[in-house]
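First up is the structure itself, then whatever we jot down about it.
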Amino acid sequence: MTVINSKEFATNQNKYFDMAMNERIFVQRGDSMFHLRYANDDDTTVKERVYYEPDEDFYRSITMDELRERTHEFIHKLFANNENESNSITGGR
């Protein structure tokens, strides 16, 4: 059994992945301890990957470009409203 810290693991990942095929490797991060484990094709404890279908939230999502455009439009409206309010207070000066 080998216990290493998370920085050592990050620096030498390949080494510890290879070691995990033959021995137990634990990575300590703060107060938590993680077990690095090799799972071969015969390992029944490894679950199949689960793929979820897109839901309503996914279909309501927007791209970064759409977000940027909507944000710019919103900011321009805020400035226009602020300018109109300032003009009405000062009498258009």
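Laboratory data are not the source of any read-out in this text; all were calculated from the coordinates shown. Quick caveat, the model's predicted, so the values are computed rather than measured. Every residue, glycine as well, gets a Cβ built from its backbone with ideal geometry; the counts of neighbours run over all protein chains shown.
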Using Cβ contacts closer than 10 Å as the measure, can you line up MET64, MET19 from fewest to most?
MET64, MET19
How much net charge surrounds HIS72 when only other residues with a Cβ under 14 Å from its Cβ are counted (Lys, Arg +1; Asp, Glu -1)?
-1
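Once fully extended, how much extra length lies between GLU23 and PHE74, figured as 0.36 nm per residue of separation less the alpha-carbon to alpha-carbon distance? All intermediate terms of the calculation are to be shown ahead of the outcome.
Details: separation 51, 0.36 × 51 = 18.36 nm, distance 5.77 nm.
Going from the current span to full extension adds 12.6 nm.
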